[in-house]
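Before any comments, here is the structure.
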Amino acid sequence: MAALMNDIYDLKSNRPEDLRLLTKAIHRWDPSILNGLPKHMGVFFDGLNAAIINVAEESRTVQGRNVIHLIRGVVIIFTQAKQLDSVS
């Protein structure tokens with residue numbers, strides 16, 4: 001998952017404004033923000049969200065607690081770091 005995120009943010013063909021909208025969608029977990037963006041970003045967002053939900057559900061089954069907010073928090077930190085990296 002981290003490698004895919006890294007690739008999405010490092011692709012030179014992705015416009016900075018598209019990456020900002022993708023980051024906004026991830027921070028809010030709102031796929032409607034992706035309207036008008038390249039299709040691969042929507043596919044990535046949907047896959048990322050599905051993977052996070054899957055891991056969180058497995059964790060709930062095994063550990064008995066909901067960790068989706070923790071996983072999403074890590075993803076948000078990663079996107080913030082990639083945004084800062086792209087600026088410098």
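Here are a few things to note about the model shown:
Here is a yes/no grid of residues against (1) over 17 Å from residue 26 (Cβ atoms); (2) over 10 Å from the mean Cα position of the chain (by Cα); (3) surrounded by 12 or more Cβ atoms within 10 Å (Cβ to Cβ):
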residue: 44; (1), (2), (3): no, no, yes
residue: 49; (1), (2), (3): no, no, yes
residue: 53; (1), (2), (3): no, yes, yes
residue: 61; (1), (2), (3): yes, yes, no
residue: 68; (1), (2), (3): no, yes, yes
residue: 80; (1), (2), (3): no, yes, yes
residue: 83; (1), (2), (3): no, yes, yes
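- Pairing residues of the range 52-80 that are closer than 21 Å to residue 23 by Cα with residues that are among the basic types (Lys, Arg), at Cβ distances under 7 Å and at least 6 apart in sequence or on separate chains, gives 52/72.
- The lone exception for residue 2 - which of (1) surrounded by fewer than 13 Cβ atoms within 10 Å (Cβ to Cβ); (2) without any contact (Cβ under 8 Å) to a residue 60 or more places away in the chain it fails: (2)
- The residues of the range 11-41 that are surrounded by 12 or more Cβ atoms within 10 Å (Cβ to Cβ) and either in contact with a Pro (Cβ under 7 Å, 6 or more places away or on another chain) or of a type in the set (Asp, Glu) (or both), listed by number, are 18, 25.
- Inter-residue pairs, beta-carbon under 6 Å, first under 17 Å from residue 81 (Cα atoms) and in the range 8-31, second assigned to a loop (DSSP other than H, G, I, E, B), 6+ apart: 18/37; 21/37
- Scanning the range 1-30 for residues that are within 19 Å of residue 73 (Cβ to Cβ), at pLDDT below 90 and of a type outside the set (A, V, I, L, M, F, W, C) yields 6, 9.
The values are calculated or read from the model by the stated rules, or taken from the named source; none is laboratory data. Keep in mind it's a predicted model, so treat the numbers as computed, not measured. Every residue, glycine among them, receives a Cβ derived from its backbone with ideal geometry; neighbour counts consider all protein chains shown.
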